[in-house]
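So the structure is just underneath, and the comments pick up after that.
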Amino acid sequence: MNSRRLRRTARLTPPLLLAAALTAFALAPTAGATPAASAVPTAVPAPKQPEATGTGGAVASVSAEATDIGISVLRHGGNAVDAAVATAAALGVTEPFSSGIGGGGYFVYYDARRHKVFTLDGRETAPSTADQNLFVENGQPLGFWTAVDSGRSVGVPGSLLTWQRALDRWGTRSLAQSLHPAEQLADHGFVVDQTFHDQTAQNQTRFSYFPATAALFLPGGQPPAVGSVFRNPDLAATYRELEHKGVGALYRGDIGRDITQVVQHPQVDPASGWYARSGAMTPADLAAYDVRAQAPTEVDYRGLDVYGIAPSSSGGTTTGEALNILGHFDLAHASQVQYLHDYLEASRIAFADRNRWVGDPRFVDVPTQALLSQRFADSRACLIRPDSSLTSPLAPGDPVHPSGGCVNAGTPAPTTPEGTHTTHLTVADRWGNVVSYTLTIEQTGGSAMTVPGRGFLLNNELTDFDFTPAVAGVPDPNLPGPGKRPRSSMSPTIVLKDGRFDFAVGSPGGASIITTVLQVLTEHVDRGLSLEQAIAVPRISQRNLAKTEAEPAFLGSVDDAGLTALGEMFTLNPEIGAATGIQLLPDGRLQAAAEPVRRGGGAAAVVDPDE
Ligand code: GLU
């Protein structure tokens with residue numbers, strides 16, 4: 001770690017950091033600022049560090065500017081919840097393709113005073129008129145992208161109300177205070193890095209369907225150049241309005257009306273030829289939206305208490321079941337190949353059960369406690385053989401009536417497609433409170449529809465529903481329904497040791513979020529890697545699919561050969577997840593960790609770094 005550079009970054013307040021970036025920009029021959037990005041590729045993106053150790057609080061996110069804002073809140077007396085909300089609002093500026101007030105997410109909070117973990121489910125919901133044929137036309141399911149790039153895919157957003165609820169319950173600052181640094185960031189802009197440029201370029205075609213999106217993200221018809229400054233005055237104005245009027249402006253006011261207007265009547269460039277289906281979201285749907293406060297999932301793993309998100313996300317139950325299965329194996333002393341084999345098999349089995357049983361618990365009877373029971377895990381762990389891989393798709397078990405004899409009969413439910421982009425932030429404060437928060441607009445770029453004049457993209461979260469029953473004749477818990485939340489894989493996780501915070505982690509990556517969190521967790525707890533190291537290792541992901549996904553650094557390795565000899569079949573996935581986390585070191589210091597490489601690297605910082 002370059003601690004000197006980190007210290008410099010960490011001690012700058014957000015306005016100073018911006019000023020530094022903008023000064024660099026101003027030194028270049030400017031060509032006149034456009035409302036959004038300027039095309040002069042001269043300024044340097046803010047530096048990022050994947051690891052930071054010290055005291056006084058810590059933040060890890062994918063964005064240098066967002067992390068810096070979170071650190072500034074902590075330094076000025078805010079707690080972890082205040083800093084998490086400010087960081088999330090800033091990610092809405094610098095990570096607009098993965099998060100923002102047009103989306104939703106899951107918030108996990110450890111309260112150090114009460115030694116207790118709380119969660120908020122801020123998942124997007126289907127409108128009240130949705131039924132199970134939401135994505136069916138003429139008896140046929142819509143094509144995935146036909147559904148995504150439309151008003152039909154947009155769920156009622158939950159992020160803004162999540163921020164308000166979290167602040168009300170555990171924060172010390174107002175929503176207005178928490179939005180303000182992000183408002184300034186949106187106004188002043190940030191320097192475009194390669195990741196932002198590439199994400200825009202990947203979406204160029206579909207962004208060009210929608211004039212409001214093209215005007216914001218494709219200035220001059222092109223993705224903003226690396227080194228140009230990207231400003232979003234519309235989003236700054238939206239945040240300003242929310243600072244003045246509160247969340248009601250979105251859930252009952254004019255911002256909400258603009259959302260429903262564009263959902264019901266998508267504004268498409270006629271020259272694009274795109275036919276964007278309309279959605280049915282109404283102002284009443286927005287007014288009816290609520291964040292769900294609910295109990296976390298909890299499992300005991302090697303004496304640690306692992307807390308996660310209960311359904312509507314499948315994150316907590318699936319990682320929990322896999323951990324309960326892995327409790328049968330001595331991963332600390334296993335060979336690397338045997339460890340990875342057990343990890344893949346536990347994940348394969350847990351996904352078979354997730355696909356069959358998990359959906360929105362207000363609509364389907366989800367056996368959450370049974371899925372998390374050791375008795376059920378015991379009935380599944382015996383499927384794992386040390387010398388050969390199981391074959392997918394594997395049939396689900398019955399968590400309520402676990403088989404005594406370890407049989408595996410029944411019809412497998414497939415793992416259906418999900419998007420692969422989202423963002424995760426982790427925050428700890430000086431009092432020991434911790435937030436682990438994953439938020440999303442689903443695909444990178446969500447529905448591709450920007451709310452005109454408002455500066456933010458709308459989610460396409462409803463495409464996380466199964467469009468048609470996954471298996472004919474078998475109940476599918478994840479079909480669309482009125483006011484229903486699509487099943488998520490988001491897995492923000494907090495781990496306690498003896499009732500005290502130990503570490504927290506989470507990741508984007510669609511269904512591979514679950515395997516990423518599971519792999520980081522076992523690499524850290526069982527294999528003895530620091531959180532930073534556990535985040536950096538090459539990832540492999542088995543989700544009850546015939547082939548196991550593997551990153552390039554894994555393919556061709558000794559471990560690849562060892563697992564292939566057991567019957568595992570691998571397929572390339574260029575990048576799995578983009579985790580962040582925070583660990584409490586035995587001496588009481590905090591270590592924030594982010595990706596060294598994936599997603600262009602993440603930004604970890606602490607309030608008072610080690611010398
Ligand atoms: N929509 C996904 C979920 O809720 C997250 C998207 C992603 O990480 O790619 O699980």
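VAL93 meets each of the listed conditions (1) on the phi < 0 side of the Ramachandran plot; (2) in a loop (DSSP other than H, G, I, E, B) apart from (2). Got at least one residue in segment 138-152 being in contact with a Leu (Cβ under 7 Å, 6 or more places away or on another chain) and either surrounded by fewer than 24 Cβ atoms within 10 Å (Cβ to Cβ) or of a type outside the set (Lys, Arg) (or both)? There is no residue in segment 138-152 that is in contact with a Leu (Cβ under 7 Å, 6 or more places away or on another chain) and either surrounded by fewer than 24 Cβ atoms within 10 Å (Cβ to Cβ) or of a type outside the set (Lys, Arg) (or both). Evaluate the following for LEU372: is it buried (at least 20 other Cβ atoms within 10 Å of the Cβ), within 16 Å of the ligand (Cβ to nearest atom) and either modelled with pLDDT of 95 or more or under 24 Å from PRO486 (Cα atoms) (or both)? No, not satisfied. Restricting segment 446-487 to residues that are of a type in the set (Ser, Thr, Tyr) and more than 26 Å from PRO233 (Cα to Cα), the residue that is surrounded by the fewest Cβ atoms within 10 Å (Cβ to Cβ) is THR468. Against the list (1) crowded, with 22+ Cβ neighbours inside 10 Å; (2) under 17 Å from the mean Cα position of the chain (by Cα); (3) within 16 Å of the ligand (Cβ to nearest atom), the condition ARG543 fails is (2). Scanning segment 487-509 for residues that are more than 16 Å from the ligand (Cβ to nearest atom) and among the small types (Gly, Ala, Ser) yields GLY499, ALA504.
Residues that are of a type in the set (A, V, I, L, M) and in a loop (DSSP other than H, G, I, E, B) were ranked within segment 112-137; the one that is farthest from the ligand (Cβ to nearest atom) is ALA112. The residue that is most open to solvent (accessible area, probe 1.4 Å), counting only those in segment 300-319 that are more than 16 Å from the ligand (Cβ to nearest atom) and on the phi < 0 side of the Ramachandran plot, is ASP300. Annotation: THR516 fulfils all but one of (1) free of Cβ contacts under 8 Å to residues at least 12 places away in the same chain; (2) under 24 Å from the mean Cα position of the chain (by Cα); the unmet one is (1).
Would it be correct to say that GLN177 is over 30 Å from ARG277 (Cβ atoms), assigned to a helix (DSSP H, G or I), open to solvent by less than 50 Å² (accessible area, probe 1.4 Å) and of a type in the set (S, T, N, Q)? It is false that GLN177 is over 30 Å from ARG277 (Cβ atoms), assigned to a helix (DSSP H, G or I), open to solvent by less than 50 Å² (accessible area, probe 1.4 Å) and of a type in the set (S, T, N, Q).
Residues of segment 98-121 that are within 30 Å of PRO223 (Cβ to Cβ) and more than 12 Å from the chain's Cα centre (by Cα): ILE101, GLY102. Checking each residue in segment 153-174 for being assigned to a loop (DSSP other than H, G, I, E, B), open to solvent by less than 10 Å² (accessible area, probe 1.4 Å) and of a type outside the set (S, T, N, Q) picks out VAL154, GLY155, PRO157, GLY158.
Each row is one residue, and each column tells you yes or no for (1) over 14 Å from the mean Cα position of the chain (by Cα); (2) within 16 Å of the ligand (Cβ to nearest atom).
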residue	(1), (2)
LEU390	yes, no
PRO399	yes, no
GLY432	yes, no
TYR437	no, yes
THR450	yes, no
PHE456	yes, no
LEU462	yes, yes
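Scanning segment 243-256 for residues that are surrounded by 16 or more Cβ atoms within 10 Å (Cβ to Cβ) and assigned to a helix (DSSP H, G or I) turns up GLU243, ALA249, LEU250, TYR251, ILE255, GLY256.
Only one of GLY92, GLY104 is surrounded by 23 or more Cβ atoms within 10 Å (Cβ to Cβ), closer than 29 Å to GLY455 by Cα, modelled with pLDDT of 95 or more and more than 15 Å from the ligand (Cβ to nearest atom); which?
Details: GLY104 fails: more than 15 Å from the ligand (Cβ to nearest atom).
Result: GLY92 is the single residue among GLY92, GLY104 that is surrounded by 23 or more Cβ atoms within 10 Å (Cβ to Cβ), closer than 29 Å to GLY455 by Cα, modelled with pLDDT of 95 or more and more than 15 Å from the ligand (Cβ to nearest atom).
Scanning segment 432-445 finds no residues that are open to solvent by 30 Å² or more (accessible area, probe 1.4 Å), out of contact with any Pro (no Cβ under 7 Å at 6 or more places or on another chain) and charged (D, E, K, R).
The values are calculated or read from the model by the stated rules, or taken from the named source; none is laboratory data. The structure presented is a predicted model; accordingly, all values stated were derived computationally and were not measured. Cβ coordinates were reconstructed from backbone atoms using ideal geometry, including for glycine residues, and neighbour counts include every protein chain displayed. The area values use the complete protein model at the heavy-atom level, side chains included, leaving out ligands, DNA and RNA. Shrake-Rupley method; radii C 1.70, N 1.55, O 1.52, S 1.80 Å.
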